[in-house]
Amino acid sequence: MDAINQIFALFRINYHNQYYSAFKDNELLNQARRLWLNSLAHFAPETILRGARKVIEESEYLPTLHRMIRACQGEPEKFGLIDAHAAYVEACRASSPKAAYRWSHAAVYHAGCASDWYFLASNPEKIAFPIFERHYLKICERVINGEQLPAPNAPALPQTIETPLSREENLKRMEELRKQLDI
(Lines give C-alpha, C1' and ligand atoms only; values in the text may rest on other atoms or scores of the structure.)
Protein backbone atom coordinates (compact mmCIF):
# COMPACT_ATOMS: atom_id res chain seq x y z
CA MET A 1 0.00 0.00 0.00
CA ASP A 2 2.88 2.33 0.81
CA ALA A 3 4.41 1.75 -2.65
CA ILE A 4 1.06 2.57 -4.31
CA ASN A 5 0.79 5.80 -2.30
CA GLN A 6 4.36 6.69 -3.28
CA ILE A 7 3.77 6.15 -7.00
CA PHE A 8 0.57 8.19 -6.92
CA ALA A 9 2.54 10.99 -5.21
CA LEU A 10 5.18 10.73 -7.97
CA PHE A 11 2.45 10.85 -10.60
CA ARG A 12 0.88 13.90 -8.95
CA ILE A 13 4.23 15.72 -9.07
CA ASN A 14 5.19 14.66 -12.60
CA TYR A 15 1.81 14.74 -14.34
CA HIS A 16 0.23 17.58 -12.38
CA ASN A 17 -2.57 18.71 -14.75
CA GLN A 18 -3.27 15.21 -16.11
CA TYR A 19 -3.34 13.81 -12.58
CA TYR A 20 -5.92 16.30 -11.31
CA SER A 21 -7.95 15.89 -14.48
CA ALA A 22 -8.02 12.10 -14.10
CA PHE A 23 -8.66 12.07 -10.35
CA LYS A 24 -11.09 14.91 -9.76
CA ASP A 25 -12.18 13.81 -6.29
CA ASN A 26 -10.91 11.65 -3.45
CA GLU A 27 -13.45 8.89 -4.07
CA LEU A 28 -12.19 8.38 -7.64
CA LEU A 29 -8.58 8.52 -6.44
CA ASN A 30 -9.25 5.91 -3.74
CA GLN A 31 -10.96 3.60 -6.25
CA ALA A 32 -7.97 3.90 -8.57
CA ARG A 33 -5.54 3.17 -5.73
CA ARG A 34 -7.50 0.05 -4.72
CA LEU A 35 -7.56 -1.17 -8.32
CA TRP A 36 -3.83 -0.57 -8.73
CA LEU A 37 -3.11 -2.20 -5.37
CA ASN A 38 -5.02 -5.36 -6.35
CA SER A 39 -3.46 -5.49 -9.81
CA LEU A 40 0.12 -4.85 -8.68
CA ALA A 41 -0.03 -6.89 -5.46
CA HIS A 42 2.12 -9.72 -6.84
CA PHE A 43 5.05 -7.34 -7.47
CA ALA A 44 7.54 -6.41 -4.76
CA PRO A 45 7.33 -2.76 -3.58
CA GLU A 46 10.80 -2.05 -5.03
CA THR A 47 9.65 -3.39 -8.40
CA ILE A 48 6.57 -1.13 -8.36
CA LEU A 49 8.67 1.93 -7.56
CA ARG A 50 11.23 1.00 -10.23
CA GLY A 51 8.39 0.62 -12.75
CA ALA A 52 6.94 4.01 -11.81
CA ARG A 53 10.31 5.70 -12.28
CA LYS A 54 10.69 4.00 -15.65
CA VAL A 55 7.23 5.16 -16.77
CA ILE A 56 7.96 8.71 -15.65
CA GLU A 57 11.25 8.74 -17.56
CA GLU A 58 9.77 7.31 -20.75
CA SER A 59 6.31 8.86 -21.00
CA GLU A 60 4.97 12.37 -20.93
CA TYR A 61 1.46 11.09 -20.23
CA LEU A 62 -0.09 9.67 -17.07
CA PRO A 63 0.27 5.88 -17.39
CA THR A 64 -2.55 3.41 -17.56
CA LEU A 65 -2.59 0.41 -15.26
CA HIS A 66 -1.65 -1.82 -18.21
CA ARG A 67 1.41 0.35 -18.94
CA MET A 68 2.38 0.22 -15.28
CA ILE A 69 2.13 -3.58 -15.15
CA ARG A 70 4.37 -3.82 -18.22
CA ALA A 71 6.87 -1.44 -16.64
CA CYS A 72 6.91 -3.53 -13.45
CA GLN A 73 7.55 -6.66 -15.46
CA GLY A 74 10.69 -4.99 -16.79
CA GLU A 75 12.32 -5.89 -20.05
CA PRO A 76 12.70 -9.64 -19.91
CA GLU A 77 14.67 -9.75 -23.18
CA LYS A 78 17.61 -8.04 -21.46
CA PHE A 79 17.86 -11.03 -19.13
CA GLY A 80 17.50 -13.69 -21.84
CA LEU A 81 13.87 -14.36 -20.91
CA ILE A 82 11.22 -15.10 -23.52
CA ASP A 83 7.56 -14.12 -23.38
CA ALA A 84 5.23 -16.24 -21.25
CA HIS A 85 3.41 -18.01 -24.09
CA ALA A 86 6.64 -18.96 -25.87
CA ALA A 87 7.95 -20.27 -22.54
CA TYR A 88 4.75 -22.30 -22.08
CA VAL A 89 5.10 -23.84 -25.55
CA GLU A 90 8.76 -24.65 -24.86
CA ALA A 91 7.86 -26.28 -21.54
CA CYS A 92 5.11 -28.38 -23.13
CA ARG A 93 7.29 -29.53 -26.03
CA ALA A 94 10.39 -30.32 -23.95
CA SER A 95 11.46 -33.93 -24.01
CA SER A 96 12.10 -36.00 -20.94
CA PRO A 97 14.11 -35.99 -18.80
CA LYS A 98 13.18 -32.33 -18.36
CA ALA A 99 16.34 -31.46 -16.43
CA ALA A 100 18.49 -32.62 -19.35
CA TYR A 101 16.58 -30.54 -21.93
CA ARG A 102 18.39 -27.52 -23.40
CA TRP A 103 16.21 -24.66 -22.05
CA SER A 104 16.22 -21.13 -23.49
CA HIS A 105 16.42 -19.96 -19.85
CA ALA A 106 16.35 -21.78 -16.50
CA ALA A 107 13.20 -19.77 -15.63
CA VAL A 108 11.19 -21.87 -18.11
CA TYR A 109 12.31 -25.09 -16.40
CA HIS A 110 11.56 -23.75 -12.89
CA ALA A 111 8.13 -22.48 -13.97
CA GLY A 112 7.40 -25.91 -15.45
CA CYS A 113 8.43 -27.58 -12.19
CA ALA A 114 6.29 -25.17 -10.16
CA SER A 115 3.32 -25.79 -12.48
CA ASP A 116 3.82 -29.57 -12.39
CA TRP A 117 4.90 -31.29 -15.60
CA TYR A 118 2.04 -33.77 -15.48
CA PHE A 119 -0.49 -30.96 -15.06
CA LEU A 120 0.93 -29.16 -18.10
CA ALA A 121 0.87 -32.33 -20.21
CA SER A 122 -2.59 -33.50 -19.21
CA ASN A 123 -4.62 -30.27 -19.39
CA PRO A 124 -5.62 -28.06 -22.31
CA GLU A 125 -3.84 -24.77 -22.83
CA LYS A 126 -6.79 -22.67 -21.63
CA ILE A 127 -6.46 -24.33 -18.20
CA ALA A 128 -2.70 -24.92 -17.98
CA PHE A 129 -1.35 -21.70 -19.48
CA PRO A 130 -2.69 -19.28 -16.81
CA ILE A 131 -1.13 -21.42 -14.07
CA PHE A 132 2.18 -21.64 -15.92
CA GLU A 133 2.10 -17.92 -16.74
CA ARG A 134 1.60 -16.94 -13.10
CA HIS A 135 4.60 -19.05 -12.02
CA TYR A 136 6.72 -17.90 -14.96
CA LEU A 137 6.07 -14.19 -14.38
CA LYS A 138 6.94 -14.52 -10.68
CA ILE A 139 10.18 -16.27 -11.57
CA CYS A 140 10.94 -13.66 -14.25
CA GLU A 141 10.46 -10.91 -11.68
CA ARG A 142 12.94 -12.64 -9.39
CA VAL A 143 15.45 -12.90 -12.28
CA ILE A 144 14.96 -9.23 -13.18
CA ASN A 145 15.52 -8.32 -9.52
CA GLY A 146 18.92 -10.04 -9.68
CA GLU A 147 18.30 -13.57 -8.41
CA GLN A 148 20.40 -16.29 -10.01
CA LEU A 149 18.35 -19.40 -10.69
CA PRO A 150 20.07 -22.76 -10.27
CA ALA A 151 20.55 -24.68 -13.47
CA PRO A 152 18.39 -27.78 -13.90
CA ASN A 153 20.07 -30.71 -12.22
CA ALA A 154 20.38 -33.32 -14.96
CA PRO A 155 21.14 -36.75 -13.56
CA ALA A 156 24.55 -37.85 -14.80
CA LEU A 157 25.29 -41.33 -16.01
CA PRO A 158 27.20 -43.45 -13.49
CA GLN A 159 30.99 -43.56 -13.85
CA THR A 160 31.05 -47.35 -13.81
CA ILE A 161 28.48 -49.82 -14.98
CA GLU A 162 28.16 -52.84 -12.74
CA THR A 163 27.71 -56.26 -14.25
CA PRO A 164 24.89 -58.39 -12.89
CA LEU A 165 25.73 -61.08 -10.38
CA SER A 166 25.90 -64.69 -11.45
CA ARG A 167 23.12 -67.10 -10.47
CA GLU A 168 25.35 -68.72 -7.85
CA GLU A 169 26.28 -65.36 -6.30
CA ASN A 170 22.60 -64.32 -6.17
CA LEU A 171 21.69 -67.58 -4.38
CA LYS A 172 24.56 -67.13 -1.94
CA ARG A 173 23.44 -63.56 -1.07
CA MET A 174 19.84 -64.70 -0.73
CA GLU A 175 20.91 -67.34 1.81
CA GLU A 176 22.85 -64.74 3.76
CA LEU A 177 19.79 -62.48 3.85
CA ARG A 178 17.59 -65.34 5.05
CA LYS A 179 20.03 -66.09 7.85
CA GLN A 180 20.16 -62.41 8.87
CA LEU A 181 16.36 -62.14 8.88
CA ASP A 182 15.92 -65.57 10.45
CA ILE A 183 13.58 -66.80 7.75
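Counting just the residues of the range 1-26 that are within 16 Å of Ala52 (Cα to Cα) and in a loop (DSSP other than H, G, I, E, B), which one comes out farthest from the chain's Cα centre (by Cα)?
Tyr15
Tell me yes or no: at least one residue of the range 70-82 is more than 21 Å from Glu147 (Cα to Cα) and among the charged types (D, E, K, R).
So far as the range 70-82 goes, no, none of its residues is more than 21 Å from Glu147 (Cα to Cα) and among the charged types (D, E, K, R).
Taking Ile82 as the residue in question, decide whether it is of a type in the set (Val, Ile, Thr) and either modelled with pLDDT under 90 or in a loop (DSSP other than H, G, I, E, B) (or both). Quick ask: steps written out before the conclusion?
On the way: of a type in the set (Val, Ile, Thr): yes; either modelled with pLDDT under 90 or in a loop (DSSP other than H, G, I, E, B) (or both): yes.
Judged against the criteria, Ile82 is a match.
How many of the residues in the range 39-54 are part of a helix (DSSP H, G or I) and either under 18 Å from Asp2 (Cβ atoms) or in the same structural domain as Glu133 (by TED's automatic domain parsing) (or both)?
11
Checking Glu169 against (1) under 17 Å from the mean Cα position of the chain (by Cα); (2) not hydrophobic (A, V, I, L, M, F, W, C); (3) not in a loop (DSSP other than H, G, I, E, B): exactly one of these is not met. Which one?
(1)
Would you confirm whether or not the range 8-25 contains a residue that is outside the structural domain of Glu125 (by TED's automatic domain parsing), touching a Cys at 6+ places or on another chain (Cβ under 7 Å) and among the small types (Gly, Ala, Ser)?
No; the residues of the range 8-25 include none that is outside the structural domain of Glu125 (by TED's automatic domain parsing), touching a Cys at 6+ places or on another chain (Cβ under 7 Å) and among the small types (Gly, Ala, Ser).
Could you list, in sequence order, all residues of the range 23-58 that are exposed (fewer than 14 other Cβ atoms within 10 Å of the Cβ) and over 22 Å from Lys138 (Cα atoms)?
If the condition is that a residue be exposed (fewer than 14 other Cβ atoms within 10 Å of the Cβ) and over 22 Å from Lys138 (Cα atoms), then Lys24, Asp25, Asn26, Glu27, Leu28, Asn30, Gln31, Glu57, Glu58 are the ones that fit.
Could you identify the single residue in Ala154, Ala91 that is in contact with a helix residue (DSSP H, G or I) (Cβ under 7 Å, 6 or more places away or on another chain), of a type in the set (A, V, I, L, M) and outside any loop (DSSP other than H, G, I, E, B)?
Testing whether each residue is in contact with a helix residue (DSSP H, G or I) (Cβ under 7 Å, 6 or more places away or on another chain), of a type in the set (A, V, I, L, M) and outside any loop (DSSP other than H, G, I, E, B) leaves just Ala91.
Can Ile82 be described as under 17 Å from the mean Cα position of the chain (by Cα), touching a residue at least 24 places away in the same chain (Cβ under 8 Å) and surrounded by 14 or more Cβ atoms within 10 Å (Cβ to Cβ)?
It is true that Ile82 is under 17 Å from the mean Cα position of the chain (by Cα), touching a residue at least 24 places away in the same chain (Cβ under 8 Å) and surrounded by 14 or more Cβ atoms within 10 Å (Cβ to Cβ).
The values are calculated or read from the model by the stated rules, or taken from the named source; none is laboratory data. The structure displayed is predicted, hence computed values, not measured ones. A quick note on method: Cβ atoms are made from the backbone with ideal geometry, for glycine too, and the neighbour counts reach across all protein chains shown.
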